[in-house]
Amino acid sequence: METAHYYLLVDFGKTLSHFFLIEIQSQESKLFGPVEIPSLFFTESTQSNLIFIKAIRELELLSQRKILSNGIVVISADCSKTTGVQQAFFISNEDYRDKIDLFKAVGTLRTDDVQKAAYQHFNQLHNSCSLIDAGSGALRFYSPGLGNKQTVSTPFGTGNSALYLLREEYSPEDILRWLPFEMEIINLENYIANKSLFSQTIPYTERDIAIEGAMMREMLRIGKPEGFLGETNEGENKTLILTGGSFSKSPSLGRTGLILLDGLEPEGICEFLIDKKQFFNCFGGLLTSQISVVQQIDSQNYFVHFLTAISISGKISENEPLGSVFINSGFEEVQEIRLKGGEIFYIPGNGQTIECDFRLNQKLSIKGIKEADSKVESTKIKITTGSQGFVIDARGRPLIQPRPSMEGRKLLKKWNDALNITTFIEDSHADNSSF
Amino acid sequence: MPTTAHFEKTKKEQPEQRLHYLVPSIIGFSHNVTKTIIRKLPQKGKILVGEGDITEPSAIIGVSQVSPGFRVFNLLEILDISADKLSACLIKSSGSKVFKGDVIAEEKKYFGIVSRQFISPIDGIFELLNPNTGQAMIRFMPVSFRLAAGVHGEVIKVVQEKEVHIRTKVDLVEGVLGSGIEREGILRIIATPREVISFINLDKSFMGTVIAGGSLMSKEVIQKALALGVRGIISGGINIRDYKSLVSSLNPLEDVGLSLLATEGYGLSEMPQDVFTLLEKNDNCFVIINPQAKELIIPLLETKDRAKESEREKLCYLKKGMQVRLLSFPYLGREGIVIEVKKEPVYFSSGIEAAAALVEISKETQTVIPIRNLEVISRLT
């Protein structure tokens with residue numbers, strides 16, 4: 001039997017740091033972790049070294065593999081030993097060498113570099129792949145349509161950069177419109193400002209998670225660069241990968257899906273993949289240093305396709321009849337859904353390939369699939385649903401946003417209900433739960 | 001395979017010593033701690049003490065000449081002349097002393113019948129900055145500045161012509177949000193912890209003071225305080241919109257003319273009672289407000305032994321019985337006692353699972369809250 005290889009991966013983020021151990025054996029990989037620690041435990045403490053060692057001990061418990069000996073990471077090329085790792089990768093844009101002894105021996109990879117490497121990898125795997133990294137300090141967009149560098153970084157963040165949303169050019173009312181409850185603007189502003197002061201805190205109430213969802217929608221709307229999720233060739237679907245704490249830690253995939261539909265307004269067919277373990281940067285670190293190892297990792301295990309979104313474009317009114325879609329999941333009966341304007345239709349699934357036959361009003365389009373005013377009566381497409389299924393967004397493009405009013409909140413409730421978001425709490429325990 | 005003993009050792013570590021129970025530790029306030037105060041001359045001057053000297057609060061430790069400011073004028077516009085005629089119009093030369101009422105420059109027309117004059121509005125030193133544009137400046141006459149020690153203590157370092165470092169004993173109040181430069185003044189309590197500071201209570205008697213108390217300092221209060229010559233304000237909170245309207249850049253280095261310090265955060269937040277009690281005890285005492293360090297320094301009137309400053313550990317493991325501050329709505333800024341540190345992660349209504357603790361905020365109120373949303377308060381006394 002081929003011997004296993006082990007790699008210690010540490011990603012030092014601005015607010016949170018993540019420790020992973022990955023085991024690779026016989027074309028299979030197993031990821032242990034993350035052990036997650038607020039980064040201020042390294043920057044603010046005189047015992048950074050000790051905390052670092054404690055984090056690795058936690059990782060040892062998770063993986064049942066000894067990594068440390070006498071407080072030092074054992075790095076050994078000999079695969080037969082039961083202790084240690086083949087290599088250790090530390091990823092950071094900051095220099096922690098004066099605080100953590102291990103850094104002096106191992107060195108660091110820059111976060112920017114490993115992210116680029118990881119994105120390039122996915123861009124080759126998927127046609128027209130875009131990526132969003134939603135961290136506490138910045139919102140980064142990667143897409144082929146963004147010019148030579150293929151990346152744009154914006155200063156929006158849900159943690160210590162939250163204050164950026166309160167600049168003069170942005171309006172707090174735009175965040176309010178996404179809240180399913182009434183709130184005084186002054187209290188919303190103070191909430192956002194306090195997030196920048198106490199960036200390590202967790203949104204633990206429904207109210208908090210709703211506010212942060214509203215913030216993320218506006219950050220996406222404002223920050224989305226031109227060309228992001230841009231045009232695709234006919235018949236090609238878009239792929240959007242999500243990473244960063246704001247997405248990876250979201251307790252509800254349905255909520256995440258709705259945030260993306262509201263904030264990005266994707267057109268055509270878009271597959272959403274989520275990095276549930278915030279492994280993206282570490283994956284990039286492996287790519288940067290150990291390409292052969294990466295080939296043995298099935299990235300689908302860690303970047304999960306959870307939802308496919310089909311968005312209908314065109315000016316659409318509330319309750320306007322749009323036509324029908326016939327869904328063939330391989331069962332005897334074909335399911336018909338009559339599409340109404342202003343609604344979202346969620347169809348559960350589990351990664352299967354299905355056929356959708358759209359019979360829409362002439363004026364409407366599905367980008368890359370059906371043009372507006374096309375005389376074609378039936379448009380058949382095959383899609384792969386996500387692990388949670390797929391949605392048909394019949395609210396039109398551009399999206400008419402809700403107003404911060406009772407009517408607006410009813411609209412939000414309708415969209416949330418369509419994705420079972422209001423009842424998600426009972427189901428959120430299981431990894432593969434419904435929304 | 002490695003033995004399980006290695007892992008058992010980690011498991012057997014006291015559960016409270018696991019990483020997810022590690023929390024930031026803050027002081028809130030400290031009593032009778034050693035601190036080095038830096039006393040600076042506003043401009044280069046002469047330092048009158050040396051290392052090892054013992055100071056009293058009223059002792060003068062440095063002197064300098066300070067120009068309180070300057071005013072800029074455009075002579076070409078005032079006299080309505082072109083640049084080539086300026087030198088002929090000047091009566092006072094650049095660098096000369098002028099007094100209020102002196103004619104500095106004059107343009108006569110129509111054989112002297114009509115004249116325009118530039119008369120000095122203040123006492124000062126006249127400087128012609130740019131003869132081509134007519135820009136001129138009058139620098140206010142320098143005044144003598146005497147730097148008092150302000151504290152009992154020992155001089156541990158002197159930077160010649162500039163500053164004196166004095167080690168002393170102080171009471172210290174820590175905040176979370178500060179704006180502006182370091183200032184000093186006399187502490188005046190203006191509101192109880194729950195009250196919102198009212199601008200009606202402010203009058204000219206507060207000139208030169210650092211006002212303290214209350215759960216909120218509003219823009220109106222800050223503006224009135226500025227007009228009255230108040231040096232600083234320390235309160236529980238400030239609304240971000242008021243803060244933005246005053247500190248438009250949101251950069252804490254920006255100074256609006258007085259120093260601001262919030263002990264709890266943004267929004268209406270009650271100042272903790274024991275912090276307020278400490279401030280009350282020091283009402284009418286000399287204080288230094290340092291927004292950049294987020295501190296209010298209250299030099300003690302008497303100092304005893306000269307203990308060394310100790311470095312405080314900024315993290316600790318959460319345990320039952322600890323006093324904590326809550327960092328998130330709806331309890332932002334509130335303090336409580338840890339009743340129980342949960343052994344297993346808790347699922348919260350947001351759907352997030354996290355390490356948690358049961359905290360008693362009052363006799364009627366207990367709440368389960370993520371450990372990440374807490375700070376331990378360790379008062380140093």
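Structure notes:
- Within the range B:175-198, the set of residues being surrounded by fewer than 16 Cβ atoms within 10 Å (Cβ to Cβ) and without any contact (Cβ under 8 Å) to a residue 40 or more places away in the chain comprises just one member, B:S198.
- Hey, B:E280 touching an Asp or Glu at 6+ places or on another chain (Cβ under 8 Å) and either open to solvent by 10 Å² or more (accessible area, probe 1.4 Å) or in a loop (DSSP other than H, G, I, E, B) (or both) or not: no
- Residue tally, condition in a loop (DSSP other than H, G, I, E, B), open to solvent by 20 Å² or more (accessible area, probe 1.4 Å), within 10 Å of chain B (Cβ to nearest Cβ) and in contact with a helix residue (DSSP H, G or I) (Cβ under 8 Å, 6 or more places away or on another chain), over the range A:43-90: 1
- A search for C-beta distances below 9 Å between a residue of the range A:188-202 that is more than 7 Å from chain B (Cβ to nearest Cβ) and any residue that is open to solvent by 10 Å² or more (accessible area, probe 1.4 Å) and among the hydrophobic types (A, V, I, L, M, F, W, C), counting only pairs 6+ apart in sequence or on different chains, returns A:L188/A:L176; A:I192/A:L163; A:K195/A:L163; A:S196/A:L163; A:S199/A:L40.
- Selection from the range A:20-41 of residues that are facing chain B (nearest Cβ under 10 Å) and open to solvent by less than 40 Å² (accessible area, probe 1.4 Å): A:V35, A:I37, A:P38, A:F41
- Of the criteria (1) surrounded by 14 or more Cβ atoms within 10 Å (Cβ to Cβ); (2) in a loop (DSSP other than H, G, I, E, B); (3) modelled with pLDDT of 90 or more, which one B:I156 fails: (2)
- Just one of the listed residues (A:S246, A:S250) is within 14 Å of chain B (Cβ to nearest Cβ), part of a loop (DSSP other than H, G, I, E, B) and within 19 Å of the chain's Cα centre (by Cα), namely A:S250.
- For the range A:262-277, the tally of residues that are under 14 Å from the mean Cα position of the chain (by Cα), in contact (Cβ under 8 Å) with a residue 40 or more places away in the chain, open to solvent by less than 10 Å² (accessible area, probe 1.4 Å) and over 19 Å from A:E236 (Cα atoms) stands at 1.
- Scanning the range B:261-277 for residues that are of a type in the set (S, T, N, Q), open to solvent by 10 Å² or more (accessible area, probe 1.4 Å) and either facing chain A (nearest Cβ under 9 Å) or touching a Pro at 6+ places or on another chain (Cβ under 8 Å) (or both) yields a count of 1.
- Unmet criterion (only one of (1) surrounded by fewer than 12 Cβ atoms within 10 Å (Cβ to Cβ); (2) farther than 20 Å from A:E271 by Cα) for A:K315: (1)
- Of the residues screened, A:G213 is one that is out of contact with any Ser or Thr (no Cβ under 8 Å at 6 or more places or on another chain), open to solvent by less than 20 Å² (accessible area, probe 1.4 Å) and not acidic (D, E).
- Single residue of B:V376, B:V346 found to be in contact with a Cys (Cβ under 8 Å, 6 or more places away or on another chain) and closer than 20 Å to B:L19 by Cβ: B:V376
- Of the strands (runs of 3 or more DSSP E) that lie entirely inside the range A:99-172, those containing 2 or more residues that are more than 24 Å from A:F41 (Cβ to Cβ), at pLDDT 90 or above and in contact with a strand residue (DSSP E or B) (Cβ under 7 Å, 6 or more places away or on another chain) span A:129-134, A:139-142.
- Per this entry, B:P24 is counted among residues that are open to solvent by less than 60 Å² (accessible area, probe 1.4 Å), at the interface with another protein chain (Cβ under 8 Å from one of its Cβ atoms) and at pLDDT 80 or above.
- Evaluation of A:T15 against (1) free of Cβ contacts under 8 Å to residues at least 40 places away in the same chain; (2) farther than 16 Å from A:Q290 by Cα (one fails), failing number: (1)
- Boolean, A:E168 is within 11 Å of chain B (Cβ to nearest Cβ) and closer than 19 Å to B:N251 by Cβ: yes
- Count of the range B:330-367 residues which are open to solvent by 30 Å² or more (accessible area, probe 1.4 Å) and part of a loop (DSSP other than H, G, I, E, B): 13
- Some residue of the range B:292-312 being in contact with a helix residue (DSSP H, G or I) (Cβ under 7 Å, 6 or more places away or on another chain), within 14 Å of chain A (Cβ to nearest Cβ), open to solvent by 30 Å² or more (accessible area, probe 1.4 Å) and at pLDDT below 90: no
- Only one entry of B:S259, B:S215 meets the criterion of being among the hydroxyl-bearing types (S, T, Y), in contact with an Asp or Glu (Cβ under 6 Å, 6 or more places away or on another chain) and within 22 Å of B:G28 (Cβ to Cβ), and that entry is B:S215.
- Hey, A:R167 open to solvent by 60 Å² or more (accessible area, probe 1.4 Å) and within 29 Å of A:L411 (Cα to Cα) or not: yes
- Subset tally (residues that are within 30 Å of A:E44 (Cα to Cα) and either in a loop (DSSP other than H, G, I, E, B) or open to solvent by less than 10 Å² (accessible area, probe 1.4 Å) (or both)) for the range A:174-189: 1
- Members of the range B:183-205 that are farther than 20 Å from B:L278 by Cβ and not basic (K, R): B:V196, B:S198, B:F199, B:I200, B:N201, B:L202, B:D203, B:S205
- Qualifying positions in the range A:335-354 - open to solvent by 80 Å² or more (accessible area, probe 1.4 Å) and either outside any strand (DSSP E or B) or β-branched (V, I, T) (or both): A:N350, A:T353
- Taken together, the residues in the range A:144-170 that are under 19 Å from the mean Cα position of the chain (by Cα) and on the phi > 0 side of the Ramachandran plot amount to 1.
- Residues that are closer than 22 Å to A:H5 by Cβ and open to solvent by 20 Å² or more (accessible area, probe 1.4 Å) were ranked within the range A:91-106; the one that is nearest to the other protein chains (Cβ to nearest Cβ) is A:L102.
- Options B:G236, B:G213: the member that is touching a residue at least 60 places away in the same chain (Cβ under 8 Å), of a type outside the set (K, R) and within 14 Å of another protein chain (Cβ to nearest Cβ): B:G236
Per-residue answers, yes or no, for (1) more than 22 Å from A:V114 (Cα to Cα); (2) modelled with pLDDT of 85 or more:
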position	(1), (2)
A:T3	yes, no
A:V10	no, yes
A:K14	no, no
A:S29	no, yes
A:G33	no, yes
A:E36	no, yes
A:R57	yes, yes
A:S63	yes, yes
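The values are calculated or read from the model by the stated rules, or taken from the named source; none is laboratory data. Not measured: the values here are computed from a predicted model. All Cβ positions, glycine included, derive from the backbone under ideal geometry; neighbour counts span all protein chains shown. Quick note on the areas: whole protein, heavy atoms, side chains included, nothing else; ligands and nucleic acids left out. Shrake-Rupley method; radii C 1.70, N 1.55, O 1.52, S 1.80 Å.
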